Amino acid sequence: MAQQKITLRKIRDFGENFNETFGFIRQEFSPLLKSFLAVGGIFMVMHSIAVAWYSSEQSSVFDDIFKGIAARRELSDTFTLGYFVNIGLYYILYCAMHTAITAYFIVYEEKQGESPTMPEVWNCFARNFLKVVLYSFPTLIVVFIGIIFCLLPGIYFGVVLTPFATVVMVERRSFADSFNRCFQIIRENFWVSLAIYFVSYIVYSFMSGIISFIIGIIFGVTAFMTTKQFGTAYVLIMSATSIFQFLFYIVFYVSVILNYYSLVERTDGTGLMDRINAIGDKEQTMFDNSGEF
């Protein structure tokens with residue numbers, strides 16, 4: 001039996017968001033994962049290399065701890081070039097993952113529920129990635145400043161601006177329009193959005209944490225038994241787990257994007273009007289063909 005297509009533009013409550021999040025992932029698992037890895041895989045590998053670089057800089061600390069040696073550390077020993085490269089690549093990877101998943105949804109909607117192909121997702125990704133990277137940085141600064149001055153404003157801006165990249169891509173708006181649009185669609189839906197984002201992030205953290213722990217133990221024990229150096233084992237653990245944990249971000253971003261479509265439907269009602277028009281067009285076609293024999 002053919003799987004029922006998921007309607008994107010409709011109102012969802014808290015429970016429906018998660019039911020359809022896992023339903024969408026289950027239905028689109030193979031093409032979604034292939035597109036996610038094909039588009040975002042290079043950024044995951046780059047970030048993994050940066051993690052290995054920074055971890056190798058810090059590995060001597062763990063070797064000293066393992067040997068019972070107390071070494072004095074300066075602040076500059078922590079905030080090295082590898083640290084800042086790691087942070088920069090993490091931001092680019094964050095944008096790439098959000099852009100890739102949103103691109104999948106855009107093509108999915110354009111094809112009216114048919115699974116997108118990897119080239120189709122890549123074309124949409126390529127058109128929007130640089131814009132998302134440039135546009136998202138100021139929003140990150142806004143959230144960061146809100147957290148520094150007072151935690152609550154940072155949380156508020158974080159919730160409001162979570163679907164920012166999706167707004168930029170789906171609605172093809174400028175930075176200012178996308179920024180204002182996020183505040184427009186969140187009206188009267190802040191708390192349910194906060195709950196959705198919080199729980200979906202907890203689910204992501206739990207799932208990625210378990211898998212990363214198992215993989216980290218395997219890589220770590222193997223490396224330590226081979227090299228007898230805890231620092232080397234630490235580098236391999238960090239670089240290996242950094243790749244696998246990002247795969248589970250799919251759960252978080254699918255939940256965020258489905259909530260975006262729900263917020264837009266509450267605000268604009270375009271999905272309902274489209275379905276009403278579709279019913280009217282179907283009835284009109286049946287009426288026009290009623291005299292044919």
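What ranking do 204-210, 257-263, 168-174, 243-249 get when scored by the average of other Cβ atoms within 10 Å per residue, highest first?
Details: 204-210: 14.9, 257-263: 24.4, 168-174: 17.4, 243-249: 19.0.
Highest to lowest by the protection proxy: 257-263, 243-249, 168-174, 204-210.
Distant-in-sequence amide contacts of Ser115, defined by a placed amide H-H separation under 5 Å and a gap of 5 or more residues or a different chain, comprise nothing.
For Tyr156 and Ile217 in the same chain, what is the full-extension length gain: residue separation times 0.36 nm, less their Cα-Cα distance, in nm? Could you put the intermediate results ahead of the total?
Details: separation 61, 0.36 × 61 = 21.96 nm, distance 3.73 nm.
Taking Tyr156 through Ile217 to full extension adds about 18.2 nm, to one decimal.
Order 143-154, 188-199 from most to least packed using the mean count of other Cβ atoms within 10 Å. Show your work: numbers first, answer last.
Details: 143-154: 13.5, 188-199: 15.5.
Result, highest mean first: 188-199, 143-154.
Put in order of Cβ neighbour count within 10 Å, fewest first, the listed residues Thr162, Thr99 become Thr162, Thr99. Compared with the alpha-carbon gap, the fully stretched path from Ala38 to Leu140 is longer by 34.1 nm at 0.36 nm per residue. With a Förster radius of 22 Å applied to the C-beta separation of Thr267 and Gln112, the computed FRET efficiency comes to 0.45.
Each residue, Tyr83 and Lys10, gets one label point 7 Å from its Cα in the Cβ direction; the gap between the two is 5.0 nm.
The numbers here are math on the coordinates, done by the rules we state, and not lab data. As the structure is a computational prediction, the values presented were derived from the model and not from experiment. Quick reminder, even Gly has a Cβ in these numbers, built from the backbone with ideal geometry, and neighbours come from all protein chains shown.
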